[in-house]
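Values quoted throughout were computed directly from the atomic coordinates according to the rules given, and no laboratory measurement underlies them. None of the values given here were measured: they were computed from a predicted structure. For neighbour counting, all protein chains shown are included, and Cβ atoms are generated from backbone atoms with ideal geometry for every residue, glycine included.
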Amino acid sequence: MTTSIRDLRKWKSEGKKFTMLTAYDYTTARWLDRASIPVLLVGDSLGMTMLGYPDTLSVTMDDMIRHAGAVVRGAPNALVIGDLPFMAYHASAEDAIRNAGRFLQEARVQAVKMEGGGRVIEYTRQLAAMGIPVMAHLGLTPTFVNQFGGYRVQGRSDEAAEQILNDAKALEEAGAFAVVLEGIPSTLGERVTKALAIPTIGIGAGPHCDAQVLVIQDVLGLTPDHVAKFVRQYAKLGDAIEAAARQFDQDVRDGAFPTPEHEYSAR
């Protein structure tokens, strides 16, 4: 049975932890669906993981819709959320409504995610009123990387912590069904989680959040360079891919592949 937004809130009320993983393609989504991962985020992190950009800022709505549609087709049992990319909602509420609508209509995701507080609180209210579910995102918000001066932990000062807490409460009141907390102190993650009736989903926000999310490439050991402190690699598939490719290359050059078992006969 497909995971619903109501399930997430129910799980929080029952004290039941849950998981969210990113997915960007059909094949990965199929495997994650078979693993019964209840929530999949088609994150704008695909800019780095799939498209090779240095950050998320170059990702377009067309990029997001193409990848999100593939994930929806691969994961019929998951709640699939589309991440609104940079400039998809930054200029106006009209942009937010139009692009969120495209996500639901063209990619068939069940919800969208927006980063930040401020004007995003009112955008959340308007989208929720139109029947477009919104997941909020506070703390280290990657589309604000230039404003932050890099990927830095947020909410360490009392003032910054209070702002994040107040924004989280305002987003809940505006109709957000969940909030991602990224790159904040564990104590703040616990405060926000206890203050909200909607679930919190942590990534580098400590163990007290209602759920945890990681980028699938980090989980599988496919990230070839630096990984963040909050990441745990549950497999080393990058090493396995390299070894398999090297063996294939060697077998072809040595004449060890293909062998008769891989050939078609004339009749």
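Summary table
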| quantity | calculated |
| --- | --- |
| Set of lysines with alpha-carbon distance to Lys169 below 18 Å, sequence-local pairs under 8 removed | Lys12, Lys113, Lys194 |
| Length added when fully stretched, His226-His262, from 0.36 nm per residue minus Cα-Cα | 9.0 nm |
| Whether the chain is rounded, prolate or oblate, judged on the alpha carbon gyration tensor where a/c under 1.5 counts as rounded | prolate |
| DSSP-defined antiparallel bridges as percent of all bridges, region 5-236, nearest 5 | 0 percent |
| Per-residue Cβ neighbour rank within 10 angstrom, fewest leading, Val179, Val219 | Val219, Val179 |
| Theoretical gain in end-to-end length, Arg34 to Asp239 [0.36 nm per residue, Cα-Cα removed] | 71.4 nm |
| Spin-label pair Ile97/Asp25, simplified geometry with 7 Å Cα→Cβ offset, distance in nm | 3.8 nm |
| Packing-based exposure ordering (other Cβ within 10 Å, fewest first) of Phe86, Phe257, Phe103, Phe177 | Phe257, Phe86, Phe177, Phe103 |
| For region 1-159: rounded, prolate or oblate by the Cα gyration tensor [a/c cutoff 1.5] | rounded |
| Of Gly43, Thr28, Ala168, farthest towards positive along the dipole that unit charges on Lys, Arg, Asp, Glu beta carbons give the chain | Ala168 |
| Cβ-placed point charges (K, R +1; D, E -1), dipole of the chain about Cα centre in debye, nearest 20 | 780 debye |
| Computed [θ] at 222 nm, deg cm²/dmol, the chain (DSSP H ≥ 4; -39,500 (n - 2.57); rounded to nearest 500) | -12000 deg cm²/dmol |
| Estimated FRET transfer efficiency (Arg119, Asp7; beta-carbon r; R0 22 Å; 0.05) | 0.15 |
| Relative exposure of Ser186, Ser157, judged by other C-beta atoms within 10 Å (fewest first) | Ser157, Ser186 |
| Three-way shape call for region 1-48 based on the alpha-carbon gyration tensor, with the a/c threshold at 1.5 | prolate |
| Gain on full stretching of the segment that runs from Asp158 to Glu14 - 0.36 nm per residue minus C-alpha separation | 48.8 nm |
